[in-house]
Structure formats: structure tokens, C-alpha cells
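Since every read-out is calculated from the coordinates, none of them should be taken as a lab result. What you see is a predicted model, and the numbers here were worked out from it, not measured in a lab. Note: ideal-geometry Cβ built from the backbone for every residue, glycine included; neighbour counts use all protein chains shown.
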Amino acid sequence: MGYKVVVCGATGNVGREMLNILAERQFPIDEITALASRRSLGTEVSFGDKTLKTKDLEQFDFTGWDIAFFAIGSDATKIHAPRAAKAGCIVIDNSSLYRYDADVPLVVPEVNPEAVDGYAKKNIIANPNCSTAQMVVALKPLHDRARIKRVVVSTYQSVSGTGKDAIDELWDQTKGMYVPGQEREPKVYTKQIAFNVIPHIDVFMDSGETKEEWKMVAETKKIVDPKIKVTATCVRVPVFVGHSEAVNIEFEEFLDEDEARDILRQAPGVLVVDKREDGGYVTPVECVADFATFVSRIRQDSTIENGLNIWVVSDNLRKGAALNAVQIAETLGARVLKKG
Ligand SMILES: NC(=O)c1ccc[n+]([C@@H]2O[C@H](COP(=O)([O-])OP(=O)(O)OC[C@H]3O[C@@H](n4cnc5c(N)ncnc54)[C@H](OP(=O)(O)O)[C@@H]3O)[C@@H](O)[C@H]2O)c1
């Protein structure tokens, strides 16, 4: 016996990837339904070799459904997730709405799988921000060995992290640079994204950091260890899919780069590609449609006592959103629900 599954936001980047991953991983499903806004009523989306017709979320009754994957943004989630949860359907949410709620587990299954057990307080489990998810997969096994004190991270985040309109903006702006009369002004972003980089993701906070930077700090503490200090600079780059991160880590104990490489080779969800030669590292175009979080450029930071630098790359629509959400459902199934 499998699950009755709902995908909310099925016409979006994350929702479509969610349907792909549920099919690829053969998640045990008895019945599945695809929901989006009324605008998309009847829009066809793929689920394995089947096609689903999208229904209107607003009209949908969640009674009798087991799991709802939400990928619709915080405003619509605020209205519909509590409705689903109240009807007895467990919500796995991709928005930032519930991530910092003490009664909602924030889960990366390779890191804190046991946290799913706390789902019942609100019937909701939160999926972390894309840039946090891939970073903590790499940090956790190193933290277990040498205790991380501080992390300094700079991100290089692709436009698919913003949504489907941002992908169009990069595409149209890039074409517009070459075709006279087809130049495109920025609409989704505050500045030109084609052939440029923008050190601004999400809103500015009073501290001067952006909300995206704050999320990496707060979420790493909630998922891995509240004692870890994190400082982040989050940058949008003209890449369609795949986030990259340059991560500097300071440990309590010394960790040799060769031992770190071995630890990461054994770590769940991580693939080490680290040859000190031309091309011996992973770039975002190579991570697309892959399940792994890739770690390259593992090297000692000799400017501090116990320091290491790593380069972390992953498909943000997968580990950063859809894959992690499906893994949460798998973990919940194995630990709690025990169907399938
Ligand atoms: N992209 C990432 O890397 C990433 C990573 C982590 C988390 N997230 C989060 O995942 C969510 C979705 O992101 P995305 O990149 O997939 O965005 P997207 O491509 O813009 O898609 C948004 C989806 O939400 C639906 N939607 C919007 N408002 C709705 C409403 N009022 N009622 C019902 N459906 C509604 C849209 O339906 P229509 O097509 O009908 O408008 C569409 O299916 C966001 O909360 C985002 O923060 C994204």
C-alpha cells in the first residue's frame, strides 16, 4: 500500500522537479494529484510516463490525502498549508514560512533525519533554503569529526532559485544583448543579470545582511548545531541551474585535508571530485539533474590554526528543494508512517 500524494505548485520549477523525482525514485504512490493556481487549471505536467492535469489549489479538499508537497511561495502557503495540515495531510513545505518555527522540524535527511519525528505538533515539516541544504550536507560529517566553530561562505546562486520568471529574464536579457531592439530591462532582479553578478538575494535586514544570508545562519544552527557561527555573502550569478559555494571552515580540532577528503567520500549524499589539475572540480552545469552534492577544491587554510576551504556545488532545484523534500517523505515513511 502506498501514499496518496499532492504536489502544490506543480507548474513551477520546484513542483515539476518534485514530480520527476517522485517518479525517478519510485516513491510508493497509490494516487497523485497536481495543484497550482487557477491560472494553470488544466495545464498538463509530466509524472514519469503519465500526464497529470493541474487542478486549482483553492478548491482542493485535502481530506483523505497522506502527504502534500508545497512549492508555492510563503503567501499562498500561509493560507493553504494549515488547511491541509488540519485535514490530516502532512505538509512538506519548501517556502521559508515555517522554517524557524520551534514546532516545525527543519530537515535535511543526511544530517538530522530524527527531526522528522517531531512532525505531529503542526503536521508540517519544513525544507531548508537551497543554499543551506547543500552546505550542511558537506558540513555535518566534518563537524562530527572536528567540531566546527565558524563558517564563512560566499554563494554563487543560479537564477532558477528565484523561480520560472527569473529563468526567462536571464534568457531574454542574454539574447537581447546581441539583437538590436530586443534589449530587456530588469524586472525580476534589481539590476541586469545577464553577464553580471548581483550581491543581493531576498530583502535587506536592519543588520545590513540580506534575508538569504540570515537564512543560511539561522538554518545551519537549527539543522546542524546552534553553536556554529556562520557569516554569509549571497550572490546571484547568470547560471540557469546549480548553486556553488566557497566555504571556509574553522574547526576546534585540527583536520588534515586528506582526512577531510576521506570523510567526505564516505558521507551520505556527497560526491567528492577533487583532482588538482585542469577541470578536476565540479561546476554548476555538471551538477544539473544529479542527486549528489559535489565537493571539490578541498584544501587547508593555513591562515588560521584549524582551517579548511571547500567548494560545494549542487542542483538547487533538487537537493536545494525537490529532492530534499522527497527524501523527507521517504524518511518519514521509513521512521513513522511505514507504508509502501
Ligand atoms: N527554486 C529553488 O531553488 C527553491 C529552493 C528552495 C525553496 N524554493 C521555494 O519553493 C517555492 C516555489 O519555488 P519555484 O522556484 O518553483 O517557483 P515558480 O517556478 O515561480 O513556481 C511557483 C508555483 O507556485 C504556484 N503558485 C503561486 N501562487 C499560487 C497560489 N496563490 N495558489 C496556488 N499556486 C500558486 C504557481 O502556479 P501557477 O503556475 O499557476 O502560477 C507555480 O506552480 C517557493 O516558496 C520558493 O521559495 C525554491
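Go through segment 178-194 residue by residue and turn each phi into a ³J(HN,Hα) via Karplus (6.51, -1.76, 1.60, θ = phi - 60°); whole Hz please, and just put x for glycine and proline.
Karplus values, whole Hz, x for Gly and Pro: 9, 10, x, x, 10, 4, 10, 6, x, 10, 6, 9, 7, 9, 4, 9, 5.
Report the charge-dipole magnitude of the chain in Debye, nearest 20, computed about the Cα centre from +1 at each Lys and Arg Cβ and -1 at each Asp and Glu Cβ. Before the final figure, lay out the partial values.
Numbers: 42 positive and 49 negative charges, 167 e Å.
Magnitude of the dipole: close to 800 debye.
Please find, in a Gaussian network model of the chain (springs between Cα atoms separated by less than 10 Å), the residue of VAL151, VAL235, VAL179 whose mean-square fluctuation is greatest.
Per the Cα network of the chain with a 10 Å cutoff, VAL179 tops the list.
Apply the Kirkwood formula to segment 272-340: the hydrodynamic radius equals the inverse of the mean of 1/r over all pairs of different alpha-carbon atoms; give it in Å with one decimal. Working shown, then result.
Working: mean 1/r = 0.0702 Å⁻¹.
Value: 14.2 Å, from the Cα pair sum.
Can you find, among VAL188, PRO238, ALA146, the residue farthest towards the positive end of the dipole of the chain? Put +1 on the C-beta of Lys and Arg, -1 on that of Asp and Glu.
VAL188
Using the Cα centre of segment 185-333 as the reference point, and only Cβ charges (+1 on K/R, -1 on D/E), how large is the resulting charge dipole? Debye, rounded to the nearest 20.
On the way: 17 positive and 26 negative charges, 124 e Å.
My answer is approximately 600 debye.
Between segment 1-73 and segment 241-314, what's the alpha-carbon centroid distance in Å?
Taking the Cα centre of each part, segment 1-73 and segment 241-314 sit 34 Å apart.
State the answer as a single residue: which of GLY208, PRO105, ILE198 lies farthest towards the positive end of the charge dipole of segment 76-218, with beta carbon charges of +1 for Lys and Arg and -1 for Asp and Glu, about the Cα centre.
PRO105
Which order do ARG99, ARG236 fall in if you start with the one that has the fewest other Cβ atoms within 10 Å? Walk me through the numbers on the way to the answer.
Numbers: ARG99 21, ARG236 26.
Result, fewest neighbours first: ARG99, ARG236.
Counting only pairs 8 or more places apart or on different chains, how many lysine pairs in segment 142-244 have C-alpha atoms closer than 28 Å?
Close lysine pairs found across segment 142-244: 24.
For VAL288, enumerate residues with amide H under 5 Å from its amide H, sequence gap 5+ or separate chain, H modeled in the peptide plane.
none
Relative contact order for the chain: what is it in percent, counting Cα pairs under 8 Å that are at least 6 residues apart? Please report the intermediate quantities before stating the final value.
Numbers: 784 pairs, mean separation 63.3, N = 340.
Relative contact order, the chain: 19 percent.
Any chance you could list P(r) for the chain, counting all Cα-Cα pairs in 20 angstrom bins from zero, rounded to whole %?
31, 58, 12
Any idea what % of Cα-Cα pairs in segment 153-265 are farther than 18 Å? Let's see the in-between values first.
Working: 3780 of 6328 pairs.
More than 18 Å apart: 60 percent of the Cα pairs in segment 153-265.
Above 18 Å lies some portion of the pair distances; for segment 74-205, what is it as a whole percent of all C-alpha pairs? Kindly include the intermediate steps, with their values, before the conclusion.
Values: 5720 of 8646 pairs.
Summing the P(r) of segment 74-205 above 18 Å gives 66 percent of all pairs.
Return the calculated 222 nm mean residue ellipticity for the chain, to the nearest 500 deg cm²/dmol, obtained by summing -39500 (n - 2.57) across DSSP H runs with n ≥ 4 and dividing by the residue count. Don't jump to the answer; show the numbers that get you there.
Details: 8 runs with 92 residues, N = 340.
Helix-only estimate at 222 nm: -8500 deg cm²/dmol.
Using the Cα centre as the reference, give the magnitude of the dipole from point charges on the C-beta atoms of segment 8-85 (Lys, Arg: +1; Asp, Glu: -1; all else neutral), rounded to the nearest 20 debye. Please report the intermediate quantities before stating the final value.
Values: 9 positive and 11 negative charges, 48 e Å.
Rounded to the nearest 20 debye, it is 240 debye.
Of the candidates ASP202, ASP101, ASP278, which one comes out as most mobile in a Gaussian network treatment of the chain with C-alpha springs shorter than 10 Å?
Evaluated over the chain, the most mobile residue of the options is ASP278.
So, counting K/R as plus one and D/E as minus one, what does the shell of residues with Cβ under 11 Å around ARG265 add up to? Let's see the in-between values first.
Details: positive: ARG261; negative: ASP258, GLU259, ASP262, ASP274.
Value of the local net charge: -3.
Around GLY333, with a cut-off of 15 angstrom between Cβ atoms, what is the net charge of the other residues, counting Lys and Arg +1 and Asp and Glu -1?
0
Are there any trypsin sites (Lys or Arg not before Pro) in segment 1-64 that are in a DSSP loop and have at most 16 other Cβ atoms within 10 Å? List them by number. If you can, show how the numbers build up before the last one.
Numbers: sites: LYS4, ARG16, ARG25, ARG38, ARG39, LYS50, LYS53, LYS55; in loops: ARG25.
Passing both the DSSP loop test and the Cβ count: ARG25.
How high is the relative contact order of segment 147-304? Use alpha-carbon pairs under 8 Å, at least six apart in sequence, and give a whole percent. Don't jump to the answer; show the numbers that get you there.
Working: 252 pairs, mean separation 45.6, N = 158.
It rounds to 29 percent for segment 147-304.
Considering only the other residues whose Cβ falls under 12 Å of the Cβ of TYR156, what net charge follows from Lys and Arg at +1 and Asp and Glu at -1? Write down the numbers at each step before the final one.
Working: positive: ARG236; negative: GLU245.
Local charge sum for TYR156: 0.
Normalised by the number of residues in segment 196-264, what is the relative contact order in percent for Cα pairs under 8 Å and 6+ residues apart?
Numbers: 52 pairs, mean separation 21.1, N = 69.
So the answer I get is 31 percent.
What shape does segment 207-340 take by its C-alpha gyration tensor, where a ≥ b ≥ c are the square roots of the eigenvalues and a/c under 1.5 counts as rounded, a/b above b/c as prolate, and the rest as oblate?
It is rounded, given that a/c, with a ≥ b ≥ c, falls under 1.5.
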